[in-house]
Amino acid sequence: PDLQSCFHVGDIDCYNGFVLAPVENYDCGPVTTGTILFFDAADLHCVGKAVVPGFKNFGWLAVHPVSGEVYVSEDSITHLVRCSLDWATLLANRSETSLEVDCIILDIVPLSQTDGTPFSDTFSCTQGGAFSESGGLFYFLVGCCEQVRPLDGIHVFDTTTWRETARSHRCHEDWPPCNDDCMDFRYYWETETTAGYCTGSEPEGLDYWDLDDKPGPYWGQLHVGWLDNDGGRQDDVTLWHYTHTLRVDAANTGTQDGRPNQGFRAVGQAYNRICDGASIMITPNSYNETLTFTKRVRLVSAGPGMVTIGRGP
């Protein structure tokens with residue numbers, strides 16, 4: 001398809017050797033409705049498309065890693081839409097260039113707060129979605145540069161209940177810490193418009209990819225885009241990297257922030273900084289402390305040897 005005149009290609013995802021790109025309807029060439037374009041990940045040629053019934057504007061999609069079902073939403077919503085794709089046809093015809101693939105809406109997925117009650121506000125300017133590797137968590141990115149809205153930020157949902165389990169806070173690194181149990185989960189952007197142009201910054205897509213055991217300078221699992229607009233002239237792009245695993249090392253005498261080689265000296269320090277469902281990787285040693293766990297936490301040994309936690313006699 002001719003994408004040169006298209007207004008917006010949204011947050012993409014990859015599955016089964018395909019790149020899936022949502023294209024919004026702004027009368028751009030042959031794309032006349034909310035459409036998913038499929039590209040072969042090997043050479044990025046366009047295999048074909050699927051029309052999402054009833055959709056015109058959706059800026060993201062996310063594929064469930066187990067079921068292969070596709071989740072989308074429009075703007076100003078309180079729910080997601082779950083769809084099925086004809087993967088068998090795609091896999092059997094990946095050399096095609098104008099394939100038409102069926103997309104069927106299965107149901108509506110309501111999103112709720114931690115206590116199970118509906119959100120009182122809508123999710124506006126939806127920018128991206130991604131599942132964890134197991135599909136047990138869903139990460140939802142919301143916000144834009146024109147104005148501040150109550151639900152701006154990154155939201156984490158348990159996909160069993162679709163209740164929110166964690167949320168980012170819009171705290172600048174130079175501001176005082178957020179007063180919350182998960183105060184390090186920050187994601188900041190500046191809202192500003194000049195002469196009708198967005199000149200502030202805004203969220204731009206996210207993905208889940210475990211880099212902890214990969215070579216390179218970055219680590220973590222959740223990676224979130226951040227666009228600094230310059231009125232359409234020269235924009236800057238930054239990636240924020242988040243981890244669900246904090247390190248603990250009783251022998252560490254340097255900086256303590258939970259990063260590799262900079263572990264906290266006490267398990268309790270790490271526990272106080274993590275969100276529900278996170279992991280603490282502990283270097284084998286004795287930790288003279290008493291802990292009470294009220295959050296779901298996975299304790300992992302960082303190597304061979306014994307980890308002992310508890311007060312002595």
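Tabulated values for the structure
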| read-out | value |
| --- | --- |
| Solvent-accessible area per residue, Å², over the chain with all protein chains present [probe radius 1.4 Å] | 51 |
| Accessible-area composition of region 190-231, carbon plus sulfur, in percent [1.4 Å probe] | 49 |
| Length released on extending from residue 146 to residue 230, taking residue separation times 0.36 nm less the Cα-Cα span | 28.9 nm |
| Carbon + sulfur, % of accessible area of region 236-313 - ligands and nucleic acids excluded, 1.4 Å | 51 |
| Two-site label geometry, residue 108 and residue 308: point separation in nm, points 7 Å out along Cα→Cβ | 5.8 |
| Principal semi-axes in Å for region 215-271 [√(5λ), Cα gyration tensor, largest first] | 33, 11, 10 |
| Stretch gain in nm, segment residue 298-residue 67, where the contour uses 0.36 nm per residue and the Cα spacing is subtracted | 80.6 nm |
| Per-peptide average of other Cβ atoms within 10 Å, ordering 36-45, 13-22 highest first | 13-22, 36-45 |
| Mean separation of Cα contacts under 8 Å, 6 or more apart, over the residue count of region 178-313: relative contact order % | 16 |
| As computed over region 206-313, the Cα convex hull volume per residue (Å³) | 132 |
| Shape category assigned to region 201-248 from the gyration tensor of Cα positions, a/c cut at 1.5 | prolate |
| Mean projection area, nm², convex hull over Cα of region 62-138 | 6.5 |
| Evaluated at q = 0.08, 0.11, 0.14 Å⁻¹: base-10 log I(q)/I(0), Debye formula over Cα of the chain | -0.42, -0.77, -1.14 |
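The values are calculated or read from the model by the stated rules, or taken from the named source; none is laboratory data. Bear in mind that the values here come from a model prediction, so they are computed numbers and not experimental data. All Cβ positions, glycine included, derive from the backbone under ideal geometry; neighbour counts span all protein chains shown. Each accessible area value is taken on the protein alone, full model and side chains, heavy atoms only, with ligands, DNA and RNA left out. Shrake-Rupley method; radii C 1.70, N 1.55, O 1.52, S 1.80 Å.
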